[in-house]
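Undergrad: Just dropping this structure here.
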């Protein structure tokens, strides 16, 4: 079936594809699957997609030392 293809896509895309994108990719490879079937297969194969980390703004460091105006 498409279990091997799903594992290959998961490894090829560095585990960033989740249900919807995986479903689109499998359909491009001519598999007739829906996203709920892909969800079930990903659960059985224990494939988990990476989520992006939260955006962290840089914190202010020491204030700049201003030279005296002579």
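Bear in mind that the values in this text are calculations on the coordinates, not laboratory data. The shown structure was predicted, so the numbers you read here are calculated from the model rather than taken from an experiment. Cβ atoms come from the backbone with ideal geometry, glycine included; neighbour counts cover every protein chain shown.
Undergrad: Exactly one condition in (1) closer than 16 Å to residue 4 by Cβ; (2) under 11 Å from the mean Cα position of the chain (by Cα) is false for residue 18; which is it?
TA: Among (1) closer than 16 Å to residue 4 by Cβ; (2) under 11 Å from the mean Cα position of the chain (by Cα), residue 18 violates only (1).
Undergrad: Inspect region 6-22 for any residue being out of contact with any helix residue (DSSP H, G or I) (no Cβ under 6 Å at 6 or more places or on another chain), in a helix (DSSP H, G or I) and loosely packed, with under 10 Cβ neighbours inside 10 Å and give the result as yes or no.
TA: No: region 6-22 contains no residue that is out of contact with any helix residue (DSSP H, G or I) (no Cβ under 6 Å at 6 or more places or on another chain), in a helix (DSSP H, G or I) and loosely packed, with under 10 Cβ neighbours inside 10 Å.
Undergrad: Further question: Scanning region 35-70 for residues that are assigned to a loop (DSSP other than H, G, I, E, B) and either in contact (Cβ under 8 Å) with a residue 60 or more places away in the chain or touching a helix residue (DSSP H, G or I) at 6+ places or on another chain (Cβ under 7 Å) (or both), which turns out surrounded by the fewest Cβ atoms within 10 Å (Cβ to Cβ)?
TA: Result: 45.
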